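The values are calculated or read from the model by the stated rules, or taken from the named source; none is laboratory data. Predicted model, so just to flag it, every value in this text is computed and none were measured. As a convention, Cβ positions derive from the backbone with ideal geometry for all residues, glycine included, and neighbour counts pool all protein chains shown. Please note that ligands, DNA and RNA were not included when accessible areas were found on the heavy atoms of the full protein model with its side chains. Shrake-Rupley method; radii C 1.70, N 1.55, O 1.52, S 1.80 Å.
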Amino acid sequence: CNVKNNFSKMIKFCGYTSWDQKYTNNNGVGGSHEPVATEWEMTELLTAYNTYQEADSVPQNYFCNASFFNGLMPALKGRRYVQNPAPTYNDLVAKGYINQNGTVANNHYILLYQGDYDSASWLPSWLGNDRYNDPNRGNVYCSWGITPNSIDRVSAVFDYMYRHKTAKDFFMSADSGAGYINPYQLSGTRSPSGYSSGIPIWQEHCRKYFRMLDYSICGWLLNGNFPLPTSADALNFAPFSGDGVGLDWSSWSSPTQSLVSNIPAIARTQPDDPTLSRIQDVYSSGVRFDWFRTVLWYPSKIYEFEKSAGSQHKFVDVYTFYYLFRYYKGGNNNYRATWMGDNIPRILEKGKNYPVTITVRNDGWDTWSEAGGYRLAYAIVPKGTEPDAGDYDVHGRYTINDTVAPGQSFTFDANIVAPSTTGDYDIYYDMVRDNVTWFRAANNIEWQNSLIVANNELDIDTDGDGIPDVIEDRSGTLFWHPDDNVQCGDMGYLTSDVSGAAGVKDCYVNLYDLAAIASEWLNRNQESVCDFTGQSSVPDQSVDFYDFCVLASNWMECTNPADYNCW
């Protein structure tokens, strides 16, 4: 696979070690290795060959209808999935986490990582249709650790979770990014493959999925048998995890905690599934940050757990945890943005100008303004090409006519100029503080989407149904629509075209159809071909006035079934 893709992309591996059936010493199945050690061994091997794992592990290792859900992806990718806003400085002051003098209040700040939803098979029943419907979801902060690449196989679950999230639901990646890998095996000797560094293709792979789901935190870097992740490993994850990286555990008593190029990097505190006594043991006074891994916990369990802890233990969401830690360590929470939406057409006519709007939310602690040099820019480049500053600069800047405070959104009026050559392109847009930084340089992922540039917008018909995409886009019928590949006589196409000169449908509503309805007028035969509709807009086993109205509305309307207006 690497040779075929010229070592240019990560490879997906669906499956897992059958540790309960063979290879291991679990319940006497005949092997000599520990189950977890066997898992780690396979992950190390796969990562050395630029391969990430979708770990469909027992007992939930089956997943039905993956191909159907994958077929929904083109439609769902057209939707914009955004997280709840990150906390502002004033939010944390109001909660008592930051004192009036600007210092972090003495408390034990705890993040409960809710995982490990690291494969598609765990998501439909164990999460989407079970824990996500727990009655206490919304009463406690839930920081869900879900591998974003699972959207390829179970897109409907992600769509459901984002549409039904509460103000207390937040999302981050599970082990170890957009797929289960061993971070240590991305570079170095990479035994046994001996490949050169896989870090660039891993970063681009993760940026794609983190962008799609508005992720900016890698919940946990699991390194298996290798040395524990370090600040260098955190740097490798920075381009797509700009708001935090959860390292594996390093010390039972004092976890590693640091800022790495303004990225919070905090090792998990042991043990997994912590007890109240452990929570209380690690904290005595002052300011302390700990994140604990929980495995398949229900929100109700978290609710009861938090109620039993003392008031000095503050259970917070994943963004509050990392934003507050970064501030505590002297970093800044500036240059953070969420791309809320735009109306940029997917298909452009070459050389044409398109007035569009782009809405951006300020998720940082800096206030945006024109006076401060905050602006928006876009770039259009051939598909698969990474834009540089010049690609953005050629289109100029779009300015803010007001101030945009932390937590607020602003809609830019922009003018997109299509390239003069047809083909496949990518459009990027990003915020910039001129003469200071682009937001992507501060590890805030810029927005990207695909474009098709054509001689004429009506030339593009990607689903091959004879109807131009731009027409179906406007009506929401491009993907998975029952009238795709519509033909004369299909359901919904000129309902009252029932007969022609030869006694068969002729794709035209004319005198022959009038004669057919006249011959059946007031005919109470339920088999009547001219019983199109009734008072409730469904056939009523009677050819009557309602059917005549349908015929009248179709009268000499259209003879081209490929014309959307016909149906």
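Residues that are more than 23 Å from V245 (Cβ to Cβ) and modelled with pLDDT of 95 or more do occur in segment 195-217. Determine whether V538 is without any contact (Cβ under 8 Å) to a residue 60 or more places away in the chain, of a type in the set (A, V, I, L, M, F, W, C), more than 26 Å from I471 (Cβ to Cβ) and open to solvent by 20 Å² or more (accessible area, probe 1.4 Å). Judged against the criteria, V538 is a match.
Here is the figure for segment 400-415: residues that are part of a strand (DSSP E or B), closer than 30 Å to L92 by Cβ and open to solvent by 10 Å² or more (accessible area, probe 1.4 Å) total 3. The residues of segment 461-475 that are loosely packed, with under 15 Cβ neighbours inside 10 Å and either among the hydrophobic types (A, V, I, L, M, F, W, C) or not in a loop (DSSP other than H, G, I, E, B) (or both), listed by number, are R474, S475. In this entry, D290 is excluded by the filter for residues that are exposed (fewer than 15 other Cβ atoms within 10 Å of the Cβ) and in contact with a strand residue (DSSP E or B) (Cβ under 7 Å, 6 or more places away or on another chain). Within segment 227-265, the set of residues being acidic (D, E) and over 22 Å from the mean Cα position of the chain (by Cα) comprises D233, D248. Considering segment 198-251, and only residues there that are within 20 Å of F170 (Cβ to Cβ) and aromatic (F, W, Y), the residue that is surrounded by the most Cβ atoms within 10 Å (Cβ to Cβ) turns out to be F237. Within segment 271-287, is there a residue that is hydrophobic (A, V, I, L, M, F, W, C), closer than 26 Å to Y335 by Cβ and surrounded by fewer than 17 Cβ atoms within 10 Å (Cβ to Cβ)? Yes, some residue in segment 271-287 is hydrophobic (A, V, I, L, M, F, W, C), closer than 26 Å to Y335 by Cβ and surrounded by fewer than 17 Cβ atoms within 10 Å (Cβ to Cβ). When N61 is tested against (1) closer than 28 Å to V318 by Cβ; (2) in contact with a helix residue (DSSP H, G or I) (Cβ under 8 Å, 6 or more places away or on another chain); (3) at pLDDT 85 or above, only condition (3) is not met. Kindly indicate the residue of segment 130-158 that is in contact with a Lys or Arg (Cβ under 7 Å, 6 or more places away or on another chain) and open to solvent by less than 50 Å² (accessible area, probe 1.4 Å) and also farthest from K314 (Cα to Cα) among those meeting that condition. Among them, the one singled out is G138. Six or more apart or on different chains, Cβ under 8 Å: which pairs go from a residue in segment 1-30 that's closer than 30 Å to I201 by Cβ to one that's open to solvent by 70 Å² or more (accessible area, probe 1.4 Å) and of a type in the set (S, T, Y)? Could you list them? Every condition considered, the pairs that remain are N2/Y49; F7/S196; I11/Y49; T17/Y23.
Screening T421, T462 for residues that are of a type in the set (S, T, N, Q) and free of Cβ contacts under 8 Å to residues at least 24 places away in the same chain leaves exactly one candidate, T462.
Screening segment 416-440 for residues that are of a type in the set (D, E) and in a strand (DSSP E or B) and picking the one that is surrounded by the most Cβ atoms within 10 Å (Cβ to Cβ) gives D430.
Within segment 139-156, the presence of at least one residue that is in a loop (DSSP other than H, G, I, E, B), of a type in the set (A, V, I, L, M, F, W, C) and within 30 Å of G476 (Cβ to Cβ) is confirmed. Looking across segment 36-55 at every residue that is of a type in the set (V, I, T) and within 20 Å of W122 (Cα to Cα), the one that is most open to solvent (accessible area, probe 1.4 Å) is identified as V36. The numbered conditions (1) at pLDDT 95 or above; (2) touching an Asp or Glu at 6+ places or on another chain (Cβ under 6 Å); (3) not hydroxyl-bearing (S, T, Y) are all true for I460 except (1).
Looking across segment 100-129 at every residue that is in a strand (DSSP E or B) and closer than 12 Å to I146 by Cα, the one that is most open to solvent (accessible area, probe 1.4 Å) is identified as D116.
Of everything listed in (1) in a strand (DSSP E or B); (2) modelled with pLDDT under 80, the single unmet condition for N523 is (1). Within segment 542-560, if we keep just the residues that are in contact with a Gly (Cβ under 8 Å, 6 or more places away or on another chain) and in a loop (DSSP other than H, G, I, E, B), the residue that is modelled with the highest pLDDT turns out to be D544. Regarding segment 453-469, can at least one residue be identified that is touching a Lys or Arg at 6+ places or on another chain (Cβ under 7 Å), hydrophobic (A, V, I, L, M, F, W, C) and under 30 Å from W368 (Cβ atoms)? Checked against the condition, which is being touching a Lys or Arg at 6+ places or on another chain (Cβ under 7 Å), hydrophobic (A, V, I, L, M, F, W, C) and under 30 Å from W368 (Cβ atoms), segment 453-469 yields no hits at all.
Output yes when any residue across segment 9-22 is in a helix (DSSP H, G or I), charged (D, E, K, R) and more than 27 Å from S125 (Cα to Cα), and no when none is.
Scanning segment 9-22 turns up no residue that is in a helix (DSSP H, G or I), charged (D, E, K, R) and more than 27 Å from S125 (Cα to Cα).
In the condition set (1) modelled with pLDDT of 95 or more; (2) out of contact with any strand residue (DSSP E or B) (no Cβ under 6 Å at 6 or more places or on another chain); (3) not hydrophobic (A, V, I, L, M, F, W, C), G244 is compliant with all but (2).
Within segment 129-153, take every residue that is within 15 Å of the chain's Cα centre (by Cα) and not aliphatic (A, V, I, L, M) and give me the one that is farthest from Y52 (Cα to Cα).
Going through segment 129-153, the residues within 15 Å of the chain's Cα centre (by Cα) turn out to be 144-153.
With the extra rule that they be not aliphatic (A, V, I, L, M), the set shrinks to 144-145, 147-150, 152-153.
Details: W144: 20, G145: 17, T147: 11, P148: 12, N149: 10, S150: 12, D152: 14, R153: 15 Å.
Residue satisfying both the conditions and the ranking: W144.
Considered as a group, the residues in segment 160-188 that are modelled with pLDDT of 95 or more, open to solvent by 10 Å² or more (accessible area, probe 1.4 Å) and in a loop (DSSP other than H, G, I, E, B) include one that is farthest from W249 (Cα to Cα), and that residue is H164.
For the criterion of being more than 18 Å from the chain's Cα centre (by Cα), hydroxyl-bearing (S, T, Y) and within 30 Å of M10 (Cα to Cα), Y113 passes.
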